[in-house]
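Data first, discussion second: the structure below is written as structure tokens.
The values are calculated or read from the model by the stated rules, or taken from the named source; none is laboratory data. None of these values were measured; they are calculated from a predicted model. Glycine gets a Cβ as well: all are built from the backbone with ideal geometry, and neighbour counts include every protein chain shown. The protein model used for the area step is the full one, side chains on, heavy atoms only, and it has no ligands, DNA or RNA in it. Shrake-Rupley method; radii C 1.70, N 1.55, O 1.52, S 1.80 Å.
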Amino acid sequence: ENSLQKTSTCSSVKSSGIFVSPYALNLSSFTRLIRRLQEKHPGFSRGEIADAVQEVRKMNKGVLSGLAISSIEEKASAIL
């Protein structure tokens, strides 16, 4: 008897059939942060805002997890 074992993966497929990478699952928070910063700083491009958020990440030992979105927003605003 051959039995196949099912392996679980960290990725998922939404009901719409769209594949969702496990690395993109937190993207909505990032997108929300970028939108808030764009509203607050309309004179800056999305790329410049993303660079400011990356600078906040560098200042926080390479991670953003553990920081509140409002804290990231304040620090990125100070950089901009």
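Going residue by residue through the stretch 49-68, is there one that turns out to be at pLDDT 90 or above, outside any helix (DSSP H, G or I) and hydroxyl-bearing (Ser, Thr, Tyr)?
Scanning the stretch 49-68, I find no residue that is at pLDDT 90 or above, outside any helix (DSSP H, G or I) and hydroxyl-bearing (Ser, Thr, Tyr), so the answer is no.
Kindly provide the set of residues from the stretch 49-69 that are open to solvent by less than 60 Å² (accessible area, probe 1.4 Å) and of a type outside the set (A, V, I, L, M), ordered by number.
Step one: list which residues in the stretch 49-69 are open to solvent by less than 60 Å² (accessible area, probe 1.4 Å), which gives 49-50, 52-53, 56, 60, 62, 64, 67-69.
60, 62 - these are the residues of the stretch 49-69 that are open to solvent by less than 60 Å² (accessible area, probe 1.4 Å) and of a type outside the set (A, V, I, L, M).
Of everything in the stretch 1-48 that's in contact with an Asp or Glu (Cβ under 8 Å, 6 or more places away or on another chain) and open to solvent by 80 Å² or more (accessible area, probe 1.4 Å), which residue is modelled with the highest pLDDT?
From the stretch 1-48, those in contact with an Asp or Glu (Cβ under 8 Å, 6 or more places away or on another chain) are 33, 36-37, 40; that's our starting set.
Next cut, open to solvent by 80 Å² or more (accessible area, probe 1.4 Å) only: 36, 40.
Values: 36: 92, 40: 95.
Filtering the stretch 1-48 for residues that are in contact with an Asp or Glu (Cβ under 8 Å, 6 or more places away or on another chain) and open to solvent by 80 Å² or more (accessible area, probe 1.4 Å), the one modelled with the highest pLDDT comes out as 40.
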